[in-house]
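Colleague: Dropping the structure in here first, questions after.
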Amino acid sequence: HVLSSWWFAVPAAAFLALAFAHGRVIASRLRAERAAAFYDLGLARLDNRWAGRGDAGERFLDQAHLYASDLDIFGRGSLFELLCTARTRAGEDTLAGWLRAPASPDDVRARQDAVRDLLPRLDLREDLALLAAEVRDRVHAGSLSAWATAEPVLRSRLVPIAAALLSGATVLSLCLWWAGLAAPVAAVACLAAELAFALPLRARVRRVIGAVDAASAELGVLTHILTRLEHERFSSPRLVELG
């Protein structure tokens, strides 16, 4: 009994503070490594050392295509590998579509204008490359899109209303019981009614909660990219339209 048990809070708080600082250091190191890889790949492209270091896009290769095989559009050392700095599957699909099909002169000029707008924005391109690397690791576009477009599991509007009323009644009956203003049978009856209401919906509610938990982490990552883009003011009509 010489030392109070509260003294254990001191090393516990120090451990939590060190764990938090350690997590921030790990995140900073990972970001620095991604930035170094981003610039190293850029230098490799300037020095003509890029072949075999990027995405060859072999999954887009179609032997029946009119010119993809003859012009080395896809594959190791291909035009796709040279050009592709996309960090998401959607970006890779977009670039492959541009290379496999001709564009109108207006589209070509709009893309060139967008490139000229992006050219001096080095900080933006670096930030997007680093954030998109995290998106590639943690965001599954297919499952996220399927969740966003899925039919609602709980269709009836009466379900949340009934749940709120039952919860309110249960809390009120418990408070009245604790204050000695009501018999315990009222609280027990409310709890029984809430249980009878919740049991048939348990499986569907778990599906909803599980899907929301999975999507929330991915949406949190995408939020950083959208926030970064919102702080940028573009002059190119194509980029303004996309923004």
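Colleague: Just one of the numbered conditions (1) over 30 Å from ARG116 (Cα atoms); (2) part of a helix (DSSP H, G or I); (3) in contact (Cβ under 8 Å) with a residue 40 or more places away in the chain; (4) of a type in the set (A, V, I, L, M, F, W, C) is not true of ILE225; which one?
Modeller: ILE225 satisfies every listed condition except (1).
Colleague: Continuing with the same structure: Take the residues in the stretch 172-226 that are open to solvent by less than 60 Å² (accessible area, probe 1.4 Å) and of a type in the set (Asp, Glu); name whichever of them is modelled with the lowest pLDDT.
Modeller: Restricting to residues being open to solvent by less than 60 Å² (accessible area, probe 1.4 Å) and of a type in the set (Asp, Glu), the top hit is GLU218.
Colleague: Separate question: Examine the stretch 146-166 for a residue that is among the acidic types (Asp, Glu) and at pLDDT 75 or above, and state whether such a residue exists.
Modeller: yes
Colleague: Give the number of residues within the stretch 53-82 that are within 22 Å of GLY42 (Cβ to Cβ), charged (D, E, K, R) and open to solvent by less than 80 Å² (accessible area, probe 1.4 Å).
Modeller: 2
Colleague: Among ALA37, ALA17, ALA27, which is of a type in the set (Gly, Ala, Ser) and over 24 Å from LEU128 (Cβ atoms)?
Modeller: ALA17
Colleague: Keeping to the stretch 83-108, report how many residues are small (Gly, Ala, Ser), in a helix (DSSP H, G or I) and either within 20 Å of LEU66 (Cβ to Cβ) or open to solvent by 30 Å² or more (accessible area, probe 1.4 Å) (or both).
Modeller: Number of matching residues: 3.
Colleague: Here's a follow-up. For HIS65, work out the one condition from (1) in contact with a Ser or Thr (Cβ under 6 Å, 6 or more places away or on another chain); (2) not in a helix (DSSP H, G or I) it doesn't fulfil.
Modeller: Condition (1) is where HIS65 drops out.
Colleague: Tell me which residues, restricted to the stretch 143-171, are open to solvent by 60 Å² or more (accessible area, probe 1.4 Å) and not in a loop (DSSP other than H, G, I, E, B).
Modeller: SER143, SER145, TRP147, ALA148, THR149, LEU158, PRO160, ILE161, ALA164, LEU165, VAL171
Colleague: May I ask you to list pairs of residues, at least six apart or on different chains, whose Cβ atoms are under 8 Å apart, with the first in the stretch 118-130 being farther than 17 Å from VAL240 by Cβ and the second being at pLDDT below 90 and part of a loop (DSSP other than H, G, I, E, B)?
Modeller: Once the first residue is farther than 17 Å from VAL240 by Cβ and sits in the stretch 118-130, its partners that are at pLDDT below 90 and part of a loop (DSSP other than H, G, I, E, B) give ALA129/THR85; ALA129/ARG87.
The values are calculated or read from the model by the stated rules, or taken from the named source; none is laboratory data. Since this is a predicted model, take the numbers as computed values, not measurements. Backbone-built Cβ (ideal geometry, glycine too); neighbour counts: all protein chains shown. Surface accessibility is based on the protein's heavy atoms, side chains included, excluding ligands, DNA and RNA. Shrake-Rupley method; radii C 1.70, N 1.55, O 1.52, S 1.80 Å.
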